[in-house]
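If you scroll down you'll find the structure; I have some questions about it.
The numbers here are math on the coordinates, done by the rules we state, and not lab data. Note that this is a predicted model, so its numbers are computed, not measured. Counting neighbours? That spans all protein chains shown, and the Cβs are built from the backbone with ideal geometry, glycine included.
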Amino acid sequence: MGTQAICGECGRTLDEAYHYCPWCGVSRERETVAALVDRAVNRLDRAFRNGVDTRISEMEARLGEMEKDLNRILS
């Protein structure tokens, strides 16, 4: 294996000579650094928002259960 590169799509290490990522199949056409950074930031943003949405849903469910418990105690 020659010089190493990192796939801009899946983030895995691959040989610089590869034209396509052997793991995700994305073309390794030369992208600008700005395009690679934008893609990485967008993926992180989606992952963050998904995690926040999941935590908010879990908190809403727990709050609903606590509200039911409180109503039973007070009635």
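Based on DSSP loop calls and a cut-off of at most 14 other Cβ atoms within 10 Å, the longest stretch of the chain free of exposed GluC sites (Glu not before Pro) is what?
No qualifying site falls inside 32-75, the longest such stretch.
Still on this structure, please answer the following. Principal axes first, then extents: for the Cα atoms of the range 32-75, list largest minus smallest coordinate on each axis, whole Å, largest first.
65, 8, 5
Based on DSSP loop calls and a cut-off of at most 13 other Cβ atoms within 10 Å, the longest stretch of the chain free of exposed trypsin sites (Lys or Arg not before Pro) is what?
31-75
Continuing with this model, one more query. On the first, second and third principal axes, largest extent first, how far apart are the outermost C-alpha atoms of the chain in Å?
Between the extreme Cα coordinates on each principal axis of the chain lie 72, 24, 16 Å.
Under 5 Å between amide hydrogens, which residues at least 5 positions from residue 28 or on another chain qualify, with H placed 1.01 Å from N in the peptide plane?
Residues meeting the amide H criterion: 20, 21.
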